[in-house]
1. Spin-label point model (7 Å from Cα, Cβ direction): what's the A:Y125 to A:F180 distance in nm?
2. Full-extension gain between B:S195 and B:N566, please, as 0.36 nm times their residue separation minus the C-alpha to C-alpha distance.
3. Hand me the trypsin sites (Lys or Arg not before Pro) from the range B:442-476 located in a DSSP loop with no more than 14 other Cβ atoms within 10 Å, in residue order please.
4. Nearest 5 percent is fine: what portion of the DSSP beta bridges confined to the range B:58-518 is antiparallel?
5. List the residues whose amide H sits under 5 Å from the amide H of B:K204, counting only those 5 or more places along or on another chain, with H placed 1.01 Å from N in the peptide plane.
6. Net charge near B:H243: determine it from the other residues with C-beta under 11 Å of the C-beta of B:H243, scoring Lys and Arg +1 and Asp and Glu -1.
7. Among the DSSP beta bridges whose two residues both lie in the range B:535-662, what percent are antiparallel, rounded to the nearest 5?
8. In the range A:3-184, carbon and sulfur make up what percent of the accessible area (probe 1.4 Å)?
Amino acid sequence: MKKSNILMIIGSLLLLSLFIFPLWNITLEAPQYPTPIGMDIWITKIADHNPNDVKNINLMNHYVGMKKIPEHMKEFDIFPWVIGAMGLLGIIFGFMGKPKLFLFWFILMAILGIAGMYDFYLWEYDYGHSLSPKAAIKFLNPDGTPMAYQPPLLGSKKILNFKATSLPMTGAYLMFLGMFASLIAYFVGKKENA
Amino acid sequence: MKYLFKSISFLTLVALTWAMTSCGGGNQGGAANNNSGSALGKSTAERVFVAPGELDEFYGFISGGFSGQLAVYGLPSGRLFKVIPVFSQDGEKAYGYNEETKAMLQTSHGFIPWDDSHHPDISQTNGELDGRWVFINANNTPRIARVSLETFETEEIIEIPNSAGNHSSAFVTENTEYVVAGTRFGVPIPQRDMSIEDYKGNFKAALSFVKVDQETGHMNIAFQVLMPGFDYDLTHPGRGKSHGWMFFSTYNTEEANSLLEVNASQNDKDFIAAVNWKKAEEYIAAGKGKKMPAKYAHNVYDEATHTATSTMENEVLTLDASELPGLVYFLPTPKSPHGCDVDPTGEYIVGNGKLAASLTVHSFTKMQQAIKDKAFDGDAYGIPILKFEAVNAGTVVQPGLGPLHTEFDGKGNAYTTFFISSEVVKWKLGTWEVLDRKPTYYSVGHLMIPGGNSRKPFGKYLVAMNKITKDRYLPTGPEVCQSAQLYDITGDKMEMLLDFPTVGEPHYAAGCPASLLMKNSRKIFKLEDNKHPYAAKSESEAKVVRKGKNVHIYMTMIRSHFAPDNIEGIKVGDKVFFHVTNLEQDYDVPHGISMLGANTSELLIMPGQTETLVWEPKEVGVWPFYCTDFCSALHQEMQGYVRVSPAGSNVPLKWSLDGEWNQ
């Protein structure tokens, strides 16, 4: 088997690591939390980073009228199938050994990734903006509009007394590595065929 | 010219002072800077200063004496962290007030709200502190308590029968096989109606060996050694080579029953009783133990149900020291010895003869030889008295007045407190020479070196505990605080670093490195592990149930509300049980609850825990309750009402959940 084929198969298998590792993390830091509280986003669930973190985030957020972090989302039904299918497709492409298919897979992954991030942004927007009208604490922005508590898509942001940080986790890094491997496989494959 | 000269001298002085201060400041470790360091106030302060946000190096568990409790301090800062209720009710923590912990203070004499807590001792494995539990004795109504060092709560209390004034307690053997209890009063055994004047020869004393389960920590009285009716004062276990023996000091070997201050001070020598507990185990295995009826309470707190239960035991196994050869020997020790301390190697047994001017030290090796040689000087009630010369290792001559207690630094030095001359004296084991003495303010009782009662002392600090403070602090009326004083003992000479007030009487203490306990300290109780029969583990389980005149409220608390928070249908004459569960699962988020007019304390409930408050409303009306622990930004809103109707009323029982009435 050619180097490029092996690389493509490894890349596809790395994508499947999303079933074992979390994809993303949002962490909240505040003086009262010497151990920050955080949630880990998996392709199937949102989970505690440390025990009881999600419960404690919900407790904090209910004062400003934010909804509870959902135990179930439609994405949790879709993501495993998409990731599974893409992983399988990548492996099949790897065995077929056509570099153009490797590139096709990479582009498809990139599109799906961007779509995923957009979906994540929409959820974050809703989570930070649709607040209960009966909230105990209602803060306003300097311009008089109600304050929103949307976490950042990537990086850090100050939200009231919390510093919220949103970063990829192991699963995402391995996925990126897998996508990079498919791209390399495309170039190596082209060279091998030349 | 004269002016110029003066200026130069002044500048030189400034420069010198600056140079000296810098040297002192650079020497924060505390070791070997006895002269330069202590002369400069700043350096001493730095050595006890734990900067904001930083942590102390040692835990100090200082008993509260007549407060009945055990206080947790940080060393070297002397900061008070927590008062653990043990033998006295504590309204702050509802200990002995709520339905769950009332059983902890049950005894064969009924519920007792107070006692006198004296000697804490940390559990050991292979002669070293292991940080599992701390044991402490109740002096007045004899008991031993076990405090968990995960939760820092009292988990178990066992009463000691046939005993009166359990002073020589609660010291542990080097694998925590036993924790011991004694008796500072000879008493009729079993108790009976008899003339006090018939004390001599008729009263007896029981030395109790309480077995500790290594997994659960649960205690049971394995056996009692019945002894002549002397007063057994203090005790320490043998260790290393002397493991298997327990040494008890005695006074009043005169067996006086009145005016003891004179009548119990007549004998030139009293005894240290050496009890061979391994021999006791052999006698029991050989069936020589005698069961006798005895009534004593055994109270155990269950962490899963958050509830204590009290069981009354009815017999105890005894061994009569006068009838069983080899079980006990007496070591003559001058002048009513108080402290009885064993050095880290297990070789030396120090008798602190409190009315003597010298310290008597016995040798375990010589004691064994004397037993082999039968070097006896008669007997007392059939128990052999070993010849003084045959067991004596040496004498520390004229170290001070009124020696009480000795601890060790693990480097071959011993430190003894002197009550009358109010000082701590450092002396050398083996050569018996006095190395240093430092005053205490005033009238020191016990002293503590972390690990000082083990094979491995942490010889960095010494804490002296004083009975009298007089002018040492701002006056607070006739009753002023007692105190503890911290000394650095790393150098040749001791240095006093700090002087801090304590809770109650700082009778004795135990200490250990913070690192031994910190990692095990519990943060929350897991809600899913809560097995309390009246727990409501979510708001959907909150409800009110009437059973005749008893009304059970299954209530929850979470930031920042109670569920239910409005209750109607309660009547005068009802007995209302608030079973309150804290649903929080976050560190350091307790909630409290108090009910107007309830004849009890508040509840202070840790995350995941359930506690019960009983309220018997006597007046018609609408009565409020609220959260007593400042839990959140909306703490002040965490409140509710109970409507109380007349006795025969037909107002239906209903309660509000999430703003809706339920029935």
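The values are calculated or read from the model by the stated rules, or taken from the named source; none is laboratory data. No experiment lies behind these values; they were computed from the predicted model shown. In this analysis, Cβ positions are derived from the backbone assuming ideal geometry, glycine residues included, and neighbour counts consider all displayed protein chains. Protein only, heavy atoms only, side chains kept; ligands, DNA and RNA dropped before computing areas. Shrake-Rupley method; radii C 1.70, N 1.55, O 1.52, S 1.80 Å.
1. Placing both labels 7 Å beyond Cα along the Cβ direction yields 3.1 nm.
2. The B:S195-B:N566 span can extend by a further 127.4 nm.
3. Numbers: sites: B:R455, B:K460, B:K467, B:K470, B:R472; in loops: B:R455, B:K460, B:K467, B:K470, B:R472.
Within the range B:442-476, the qualifying trypsin sites (Lys or Arg not before Pro) (loop, at most 14 other Cβ atoms within 10 Å) are B:K470.
4. Looking only at bridges with both residues in the range B:58-518, the antiparallel portion is about 95 percent.
5. The answer is B:V187, B:I189.
6. Within the 11 Å Cβ shell, the charges total +2.
7. Values: 30 of 42 bridges.
Around 70 percent antiparallel, to the nearest 5.
8. The C+S portion of the solvent-accessible surface of the range A:3-184 is 72 percent.
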